[in-house]
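Asks: One structure is given below, represented as structure tokens, and several questions about it will come after.
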Amino acid sequence: MLHKQVELILSSASVSGGGLADIWKAFSEPLPKAGWEGLENAVRTIDGRKLRAFVATTKGLMSDEGPIRPFDGVALPGLTIVSNACVSGAQAVIEATECLLDGDCDVATIQGCDRITPFIRAGFAALQASTNDTVRPFDRRRDGLALGTASMIVQLRLVGTASHRPRIVSYGCSNDANHISGPSRDGSGLALAIERALEGIDRSEIRAICAHGTATEYNDAMEARAFHTVFNGNPPPVFGIKGAIGHTLGAAGLIEVIISALVATEGVIPPTVGFEQGEEDFALDVVHGEPRKIKPGYVLTTNSGFGGMNTAIIVGPGGA
Amino acid sequence: MSARLIAYGRVSPSELLSWGPGGALHTSWEELNAGPVAEYGTPKLRAKFFFDAPFTKYGRMDPLCKVAVGAAQLAFKANGGLTGLEPDEVAQVGGTMLGCLEVDAQFEKSRQAGAPSPALFVYTLPSMFQGEIAIQFHLRGRCTLLSTGELSAMTALATGIRWIEKGRAKHVLVVAADAAGPAAAELGPDFGAQSAAAAYLLSGDGEGRALSDSRFDGEAGDAKELTSGELSYGTTFVDTLEPLLLGSESMRVHASRGTRGVSFKIG
């Protein structure tokens, strides 16, 4: 558990389709104007402070026109690309948080972004991981993911006193060490990451879980097992946003941290689009249909990716 | 707590090198009868150069995974395997500049030919070499992959040192790697073929050079400024850092590109 206040500020969000706006309806906070303004613009708004910039992406080096020269034309302070498959966005939040805690910067700006190209679509189709139907996270009829293009820019700041803004409370990471493209079937790798994040925290304080929820058969089953393991068969309410906006790859973890921060602050869980009927084994309380009111508090958000990567981040409301 | 560099392994266009409590190695590709230089700047990498037992999956890996897993194996072998390490507590920091560029190009060719290959697609992420290393050595610690261009190796190593010092990990395997071949050549005349990787096994316990006090800024101060050696891309500075790690002199080393810089103390 962090002993310093790292607050979250959303600068910009742009997601293909209208899915993000649909989710955002559950909250009172206005959705920032959509736009593709670059990370450089976000950084330029902050003067006189020590800055670090992080870009979370899974496919940053390839464009439709072929390979792009890394770092061409980029003049960002201390730019670091974090590229850890589908946990990239969440991992960048962790790297930026540690950068602040260690005094390497006063403000960390993170852009999570990936553009869904024919290259990426063909790859997921070749793996038979995509659905031709509705994306149904945690539903018994789920049969694959849909991809979404997104960019989100977030600032993290270390503040001396409690602020009204949501904050990073804790985090944990692990590797499954099991399979290069599939999750560990028993969820033990993700459970290990969550346990690491929960160190020093009473697990009854977790009000909700924002799951990775790709709607693939194995991912969702793995997550359900991990949640049951960690929460002794009684996990808190679970929701996922990929049924609404698709799997946005490098942006996914960052978007989910921000949505979780809103849930933590406002005490409203958005419904899981696409979910209708859950599994009998390792059944979860998946919030669906309507938003659900909860007591504001800690929210856990999890991500898992190829290469066995797992992240668990706990966010909390401001003022604590 | 300082980090200790307990074992080291390196694969480069001319040689293989490692040192640690389990032994040391310094051999050229010629001594290994490894065959002619192939399209990624080294002889074709084969499992038998690194592993004592058959490892059939190695042949199916992409060029980046092959060179990175090879360097990690050299480091673990030099350590005497996982001796003194708890696999659940071994974290990984990776550094790369070009990432999976080469296998991206291979997959793209398969896509344009109308038969996108799932076997290639799984490697089209820069961090896949860390997944392969985790599987091979059963490492379940935290894992991150950082790219800061030619500072990638130094950034990854400085981050690993920081993790030990701050108690974020008990042990850290830092691997800086790049594999450049036909796809890199399309970037321009400066992008020559090269496969290289360095693996630094760090621990809060054990014997080895003490590494500490990582800083991520452009100010060199009184630090020794590292120059580029023969290695490039994400392994730039690996070869010029090496003799300083092997020596006994205490110093701060600094590497920079433009306004960006990384430094840490040795000894």
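Asks: Of all residues in segment B:170-184 being under 21 Å from B:Met1 (Cβ atoms) and crowded, with 24+ Cβ neighbours inside 10 Å, which is nearest to the other protein chains (Cβ to nearest Cβ)?
Replies: B:Leu173
Asks: Do you know which residues across segment B:122-145 are open to solvent by 10 Å² or more (accessible area, probe 1.4 Å), touching a helix residue (DSSP H, G or I) at 6+ places or on another chain (Cβ under 6 Å) and within 7 Å of another protein chain (Cβ to nearest Cβ)?
Replies: Listed by number, the residues that qualify are B:Leu125, B:His138, B:Arg140.
Asks: Another question, if that's okay. Looking at (1) open to solvent by 60 Å² or more (accessible area, probe 1.4 Å); (2) out of contact with any Asp or Glu (no Cβ under 9 Å at 6 or more places or on another chain), which is the one condition that is false for A:Asp176?
Replies: (1)
Asks: Based on this model, can you work out whether A:Asp64 counts as more than 17 Å from the chain's Cα centre (by Cα), charged (D, E, K, R) and modelled with pLDDT of 85 or more? Step through it out loud before you land on a result.
Replies: On the way: more than 17 Å from the chain's Cα centre (by Cα): yes; charged (D, E, K, R): yes; modelled with pLDDT of 85 or more: no.
No.
Asks: Can I ask one more? Those residues that are more than 9 Å from chain A (Cβ to nearest Cβ) and of a type in the set (A, V, I, L, M), I need them from segment B:108-118; list them, please.
Replies: B:Ala113
Asks: Kindly list the number of the only condition in (1) within 13 Å of chain B (Cβ to nearest Cβ); (2) in contact (Cβ under 8 Å) with a residue 24 or more places away in the chain that fails for A:Arg203.
Replies: (1)
Asks: Which of the residues spanning segment A:190-211 are among the aliphatic types (A, V, I, L, M) and not in a helix (DSSP H, G or I)?
Replies: A:Ile201, A:Ile206, A:Ala208, A:Ile209, A:Ala211
Asks: For A:Glu205, indicate whether it is surrounded by fewer than 24 Cβ atoms within 10 Å (Cβ to Cβ) and touching a strand residue (DSSP E or B) at 6+ places or on another chain (Cβ under 9 Å).
Replies: For A:Glu205, the condition - surrounded by fewer than 24 Cβ atoms within 10 Å (Cβ to Cβ) and touching a strand residue (DSSP E or B) at 6+ places or on another chain (Cβ under 9 Å) - is met.
Asks: Check off (1) within 26 Å of B:Gly167 (Cα to Cα); (2) touching a helix residue (DSSP H, G or I) at 6+ places or on another chain (Cβ under 8 Å) for B:Gly208 and give me the number that stays unchecked.
Replies: The single condition B:Gly208 does not satisfy is (2).
Asks: I want to confirm something. Restricting to segment B:169-194 and keeping residues that are closer than 30 Å to B:Glu89 by Cβ and of a type outside the set (A, V, I, L, M, F, W, C), which single residue is farthest from the chain's Cα centre (by Cα)?
Replies: Filtering segment B:169-194 down to residues closer than 30 Å to B:Glu89 by Cβ leaves B:169-179.
Imposing the further condition that a residue be of a type outside the set (A, V, I, L, M, F, W, C) reduces the set to B:170-171, B:178.
Details: B:Lys170: 19, B:His171: 16, B:Asp178: 8 Å.
Only one residue tops the list, namely B:Lys170.
Asks: Which condition number in (1) buried (at least 24 other Cβ atoms within 10 Å of the Cβ); (2) facing chain A (nearest Cβ under 8 Å); (3) at pLDDT below 95 is the one that B:Gly149 fails?
Replies: (1)
Each row is one residue, and each column tells you yes or no for (1) in a strand (DSSP E or B); (2) modelled with pLDDT under 95; (3) open to solvent by 30 Å² or more (accessible area, probe 1.4 Å).
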{"site": "B:Tyr200", "(1), (2), (3)": "yes, no, no"}
{"site": "B:Ser212", "(1), (2), (3)": "yes, no, no"}
{"site": "B:Gly229", "(1), (2), (3)": "no, no, yes"}
{"site": "B:Gly261", "(1), (2), (3)": "yes, yes, no"}
{"site": "B:Phe264", "(1), (2), (3)": "yes, no, no"}
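Asks: Return the residue satisfying two criteria in turn: it lies in segment A:212-234 and is in contact with a Lys or Arg (Cβ under 9 Å, 6 or more places away or on another chain) and part of a loop (DSSP other than H, G, I, E, B), and of such residues it is surrounded by the fewest Cβ atoms within 10 Å (Cβ to Cβ).
Replies: Top of the filtered list is A:Asn232.
Asks: If you don't mind, there's one more thing I want to ask. Considering only residues that are facing another protein chain (nearest Cβ under 8 Å) and either open to solvent by less than 20 Å² (accessible area, probe 1.4 Å) or in contact (Cβ under 8 Å) with a residue 40 or more places away in the chain (or both), which ones fall in segment A:102-121?
Replies: A:Asp104, A:Pro118, A:Phe119, listed by residue number.
Asks: Here's a follow-up. List, please: which pairs have Cβ atoms under 6 Å, are six or more places apart or on different chains, and start with a residue in segment B:241-259 that is away from chain A (no Cβ under 14 Å) and end with one that is polar (S, T, N, Q)?
Replies: Sorted first by the residue in segment B:241-259, then by its partner, the pairs are B:Arg252/B:Ser263; B:His254/B:Ser263.
Asks: From the set of residues in segment B:152-168 that are closer than 13 Å to B:Leu201 by Cα and under 10 Å from the mean Cα position of the chain (by Cα), which is farthest from the other protein chains (Cβ to nearest Cβ)?
Replies: Result: B:Leu157.
Asks: Name the residue that is surrounded by the fewest Cβ atoms within 10 Å (Cβ to Cβ), counting only residues in segment A:81-101 that are within 7 Å of chain B (Cβ to nearest Cβ) and outside any loop (DSSP other than H, G, I, E, B).
Replies: Residue satisfying both the conditions and the ranking: A:Glu95.
Asks: For segment B:107-121, how many residues are over 14 Å from A:Ala125 (Cβ atoms) and buried (at least 21 other Cβ atoms within 10 Å of the Cβ)?
Replies: 1
Asks: In addition: In contact (Cβ under 8 Å) with a residue 24 or more places away in the chain and open to solvent by less than 10 Å² (accessible area, probe 1.4 Å) - does that describe any residue in segment B:215-223?
Replies: no
Asks: Can you tell me which residues in segment B:76-107 are more than 9 Å from chain A (Cβ to nearest Cβ), under 17 Å from B:Ala180 (Cα atoms) and not acidic (Asp, Glu)?
Replies: Answer for segment B:76-107, where residues must be more than 9 Å from chain A (Cβ to nearest Cβ), under 17 Å from B:Ala180 (Cα atoms) and not acidic (Asp, Glu): B:Gly95, B:Val103, B:Gln106.
Matching residues to (1) open to solvent by 40 Å² or more (accessible area, probe 1.4 Å); (2) under 28 Å from A:Ile116 (Cα atoms); (3) in contact (Cβ under 8 Å) with a residue 40 or more places away in the chain:
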residue	(1), (2), (3)
A:Thr161	yes, no, yes
A:Val169	no, no, yes
A:Arg196	yes, no, yes
A:Glu256	no, yes, yes
A:Val263	no, yes, yes
A:Val273	yes, yes, yes
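The values are calculated or read from the model by the stated rules, or taken from the named source; none is laboratory data. Fair warning: this is a prediction, and the values are worked out from it, not measured in the lab. Neighbour counts run over all protein chains shown; Cβ positions are idealised from the backbone, glycine included. Ligands, DNA and RNA are excluded from the accessible area calculation, which covers all protein heavy atoms including side chains. Shrake-Rupley method; radii C 1.70, N 1.55, O 1.52, S 1.80 Å.
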